[in-house]
1. For residue 204, are the conditions met, namely being away from ligand 1 (no atom under 16 Å from the Cβ), at pLDDT 95 or above and not aliphatic (A, V, I, L, M)?
2. Please enumerate the residues belonging to region 116-138 that are modelled with pLDDT of 95 or more, within 19 Å of residue 70 (Cα to Cα), of a type in the set (A, V, I, L, M, F, W, C) and not in a helix (DSSP H, G or I).
3. Could you count how many residues in region 255-294 are closer than 23 Å to residue 230 by Cβ and more than 16 Å from ligand 1 (Cβ to nearest atom)?
4. Name the residues in region 139-182 that are in contact with a strand residue (DSSP E or B) (Cβ under 9 Å, 6 or more places away or on another chain), of a type in the set (Gly, Ala, Ser) and not in a loop (DSSP other than H, G, I, E, B), would you?
5. State whether the residues of region 147-157 include one that is over 28 Å from residue 200 (Cα atoms) and buried (at least 16 other Cβ atoms within 10 Å of the Cβ).
6. Quick one: how many residues across region 228-243 are surrounded by fewer than 16 Cβ atoms within 10 Å (Cβ to Cβ) and either in a loop (DSSP other than H, G, I, E, B) or on the phi > 0 side of the Ramachandran plot (or both)?
7. Hey, does region 239-255 have a residue that's aliphatic (A, V, I, L, M) and more than 19 Å from residue 93 (Cα to Cα)?
8. Exactly one condition in (1) under 20 Å from residue 70 (Cα atoms); (2) crowded, with 18+ Cβ neighbours inside 10 Å is false for residue 104; which is it?
Amino acid sequence: MMNSRGINHQTKYNIEYDIEADWVIGLLCNFNCEYCISHTGKKYQDQDTGNRFIEFFNLSGKRWLLHITGGEPFLYPNFIELCVLLTRNHKINLNTNLSSSLVYDFARIIDPSKVTFINIGLHIVEREKYDLINDFIDKYKYLKDKGFSLIVSYVMYPALISRFEKDYEYFKSLGIIVSPKSLRGVFFGKRFPEAYTATEKKAFSKYSLTAENEAGSGEFLTEPIINLSLDRKFVEKSPNYKGKMCLAGKDFVRIFPDGKITRCDKKTVIGNVFDKKLELYSKARICDTFSCPYFCAKYSI
Ligand code: SF4
Ligand code: SF4
């Protein structure tokens, strides 16, 4: 899987996999972040869907790199057991708010070499609301001690930009580097990142670069599927990939809670986990859609 810069993804990141997936495992979440559209998810009715996902991945004959996101993945039924089974044959990484007590079981049971990174959303307002700051620090340190690669991201909602520096310094004093993440999408009638003011964009870039430099090599993961260093570019100008060749649909797919598999968006369906169907493209195709620019940056060629 070579991109336009002649870089082989698997070799570059020293990760062995055949195909990567952004897997929205479910939309249920216990936080209620002001800038989130996912937290309306319903409680899980079917406790057995995890086994159907595992069966699908194993029968595909491919080694998957699964970016598990939500909602809050730790709320998914039997999540630790699911991760145990997934990491036998595949690699995973997570987006999580780290609030579940199951995080300790995860850290104890799951082999960190099978987890390429954990992206922890700090979501400072919700965390303060539930008095979970020290809980977060304890879990961060526990995971770190166990050898997991951790990213802590901080969604730069305009109302939070003025407090970012103070929060950054506080967590830095505890050895935790917090990296700004740009808003994307429509919030209160404004489209972001375009709606950031020039001052907010300048502050974002400064904080983002500081975080990247202060995290040091190996700590700030510059090119996983969640590539926070790209946000500095995205806040200046939303990229448009339409018309470019892209390996999404061949080397990358998205998977949704109902089992639907798409090229990268919500409409270009190429399979379904529960029907045990996946029709991957045999080569790169022209981009005629829109998706998260992290995916576009990694898979367009
Ligand atoms: S923690 Fe994540 S999924 Fe949950 S409400 Fe906040 S942004 Fe949404
Ligand atoms: S939207 Fe992005 S990931 Fe999807 S085909 Fe276009 S460039 Fe590729």
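The values are calculated or read from the model by the stated rules, or taken from the named source; none is laboratory data. Because the structure is a prediction, the values reported are computed rather than measured. FYI the Cβ positions are ideal-geometry reconstructions off the backbone, even for glycines, and counts take in every protein chain you see.
1. yes
2. 118, 120, 122
3. Selection size over region 255-294: 16.
4. 153, 179
5. Filtering region 147-157 down to residues over 28 Å from residue 200 (Cα atoms) leaves 147-149.
With the extra rule that they be buried (at least 16 other Cβ atoms within 10 Å of the Cβ), the set shrinks to 148-149.
Yes; the residues of region 147-157 include at least one that is over 28 Å from residue 200 (Cα atoms) and buried (at least 16 other Cβ atoms within 10 Å of the Cβ).
6. The qualifying residues number 6.
7. Scanning region 239-255 turns up at least one residue that is aliphatic (A, V, I, L, M) and more than 19 Å from residue 93 (Cα to Cα).
8. (2)
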